[in-house]
Every structure is written in structure tokens, then in C-alpha cells.
Amino acid sequence: MANLRLEIPNATATYDPETRVARIEYRGILDGDVTIQVYDWLDEIYRDIGIDNMLGQIFDFRKVQSFEESNLTTARRTSNRMNMRVDTSNIPVALLVNDFYHEEILRGSMRIPAEHVRKRIVWSEEDAWAYIKNWHAEKSSQ
């Protein structure tokens, strides 16, 4: 059974079985190793709980001071590889920011355009939860 919590120097990740949401809070200077550890943890969670039991993910970047180039490259590559191995198309992802630096990094370097269907940049915790809820409501009405 996967540990429902990951605690490493630059990230804390938790999966809440009640809300069925994974929450990842990054802090400090992010490098590629942090990304790999978080995605490995997510992979374990998917295997243990089943991909259909995850309703959403919140990645909180508000305490990040800077992104090393190794993080940006690794995040793109690791995310793409996971999406090919595991069908994450039914898991909305809220990317929580509090300044334009974080937003630009995510939109540009991470290649997350404003119109991305499954991933959304949000500016508050409330918006993150609302996005996940609304995403599922829209999917069920289709």
C-alpha cells in the first residue's frame, strides 16, 4: 500500500481518501529530483487506489522561489511519460499560483496554454476546488 503522504525537502504531497484529491505543495527551489519523487509517489497512489478513485489534483506553487531548468525539463518529460502509461484524462489538475512569475513558467516552459482542458492555472485554494468540482460536473453532463 502506498503511503498517502510524501514529505521531502522541497515538497509535501498528500492523498485524502475522503475528498479523493491529491495535493502537492512545492516550496523553495525546485529541481528535477523533486519532480521525479512526486511523480513516483503519484504513480504508487494510482496503482494502490486505482486511477478511477482520484477525483483531482492540486499542485500548489505559491511557496516556490525559483524553478531550475532541470525541473522544467523533467516535469514535462515525466508528465508526458506518465500520461502515456496511465490514463489520467479524467483527473483535472489545478495549478495554484500567486504571482505572474509562476503563471508564466507554467504557461510557457511547462507548455500549459490557457485553453488546456484538463489543467487549469488558478489563483486561490477556493478556485482550485471549484475547478475540480466544475470539471466533473461538465464531464458528467456531456
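We did not get these values from a lab; they are worked out from the coordinates using the rules stated. Just so you know, these numbers come straight off a predicted model, no measurement behind them. Neighbour counts run over all protein chains shown; Cβ positions are idealised from the backbone, glycine included.
Counting only DSSP beta bridges with both residues in region 5-140, what percent are antiparallel, rounded to the nearest 5? Numbers along the way, then the final one.
Details: 10 of 27 bridges.
Antiparallel bridges: around 35 percent, rounded to the nearest 5.
With a/c under 1.5 counting as rounded, go ahead and sort region 5-140 into rounded, prolate or oblate using the C-alpha gyration tensor (a ≥ b ≥ c being the square roots of the eigenvalues; past the cut-off, prolate if a/b is larger than b/c, else oblate). List each step's numbers first, then the result.
On the way: a/c = 1.43, a/b = 1.18, b/c = 1.21.
In terms of gyration-tensor shape, rounded.
Could you work out how far apart the two model spin labels at Arg118 and Lys63 are, taking each label as a point 7 Å from the Cα in the direction of the beta carbon, and quote it in nm?
Distance between label points: 2.8 nm.
Over region 5-140, what is the mean sequence separation of C-alpha contacts under 8 Å (at least six apart), divided by residue count, expressed as relative contact order in percent? Intermediate values should be presented prior to the final figure.
Details: 207 pairs, mean separation 30.0, N = 136.
Once divided by the residue count of region 5-140, the mean separation gives 22 percent.
Kyte-Doolittle mean at least -0.5 and Cα extent at least 15 Å along the axis: which DSSP H helices of the chain qualify? Mind dumping the intermediate values first?
Numbers: long enough: 32-49 (26 Å, -0.24); 69-85 (24 Å, -1.55); 125-140 (23 Å, -1.41).
In the chain, the long hydrophobic H runs are 32-49.
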